[in-house]
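A.B. asks: First the structure, which I've put down as structure tokens, then a few questions once you've had a look.
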Amino acid sequence: QVQLHESGGGLVQAGGSLRLSCAAAVRAFSSHAMAWFRQAPGKEREFVASISGSGASTYYADSVKGRFTISRLNSKNTTWLQMNSLKSEDTAVYYCAAGISGTTRAREYDYWGQGTQVTVPG
């Protein structure tokens, strides 16, 4: 069983930065790829970024490439999402997910956190 807990969301002005954290209660954390998804009101959940178990490989949605950075520290069972140059369209609930591979497809992730709200006023 894997438990994920996100933190770090909040309200930030456009152009600002936030750092989301995801703490995992799991054995063999490094065997799990980790990802961040987000869901805005009235929209489907969308992929944001993923990172392989070792941290060597990362992948980003085009909409966040160059602004967001995903990272992890396996010795602390933690994954982060550094978000810079935030825009109003980044407003969403952000979810941390754990799976076997760093796919962009939400259905292929087995474990999910409860989500953390990020709001960037327009």
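A.B. asks: Per residue Cα convex hull volume for the chain, in cubic angstrom? Intermediate results must be reported in sequence, preceding the final value.
C.D. replies: Details: hull volume 10.9 nm³, N = 122.
Given the Cα convex hull of the chain, per-residue volume reads 90 Å³.
A.B. asks: Mind grabbing the accessible area of residue 110 for me, 1.4 Å probe, Å², rounded to tens?
C.D. replies: It works out to around 100 Å².
A.B. asks: Relative to the present Cα-Cα distance, how much length would full extension add between residue 11 and residue 100 at 0.36 nm per residue of separation? Show your work: numbers first, answer last.
C.D. replies: Details: separation 89, 0.36 × 89 = 32.04 nm, distance 3.21 nm.
Contour length minus the Cα-Cα distance gives 28.8 nm.
A.B. asks: With θ set to phi - 60°, apply the Karplus curve 6.51 cos²θ - 1.76 cosθ + 1.60 along the range 17-28 and write out the HN-Hα couplings as whole Hz, x wherever there is a Gly or Pro.
C.D. replies: 10, 9, 10, 8, 10, 9, 9, 10, 9, 7, 7, 6
A.B. asks: Quick one: with all protein chains in place, what share of the accessible area of the chain is carbon or sulfur, to the nearest percent (1.4 Å probe)? Don't jump to the answer; show the numbers that get you there.
C.D. replies: On the way: 2910 of 6180 Å².
Ligands and nucleic acids excluded, carbon and sulfur reach 47 percent.
A.B. asks: Moving on to the next point. Once you put a point 7 Å from the Cα of residue 25 and another 7 Å from the Cα of residue 84, both along the Cβ direction, what distance in nm separates them?
C.D. replies: With each label point 7 Å from Cα toward Cβ, the separation is 3.5 nm.
A.B. asks: Which of the aspartates and glutamates could be linked to residue 65 by a straight reach, that is with a Cα gap under 19 Å, when you skip same-chain ones fewer than 8 residues away?
C.D. replies: By straight Cα distance, residue 65 reaches 46, 89, 90.
A.B. asks: Also, I was wondering about something else. Please give the per residue accessible area of the range 1-71, computed with a probe of 1.4 Å over protein heavy atoms only, in Å². Please report the intermediate quantities before stating the final value.
C.D. replies: Values: 3750 Å² over 71 residues.
With the other protein chains kept in place, the range 1-71 gives 53 Å² per residue.
A.B. asks: Given an 8 Å cut-off on Cα distances and at least 6 residues of separation, report the relative contact order of the chain as a percent. Could the numbers behind the result be given before it?
C.D. replies: Numbers: 307 pairs, mean separation 43.7, N = 122.
Taking the mean separation of contacting Cα pairs over the length of the chain, I get 36 percent.
The values are calculated or read from the model by the stated rules, or taken from the named source; none is laboratory data. Computed from a predicted structure; not experimentally measured. So basically every Cβ, Gly included, is an ideal-geometry build from the backbone, and we count neighbours across all protein chains shown. Only protein heavy atoms, including side chains, enter the accessible area calculation; ligands, DNA and RNA are left aside. Shrake-Rupley method; radii C 1.70, N 1.55, O 1.52, S 1.80 Å.
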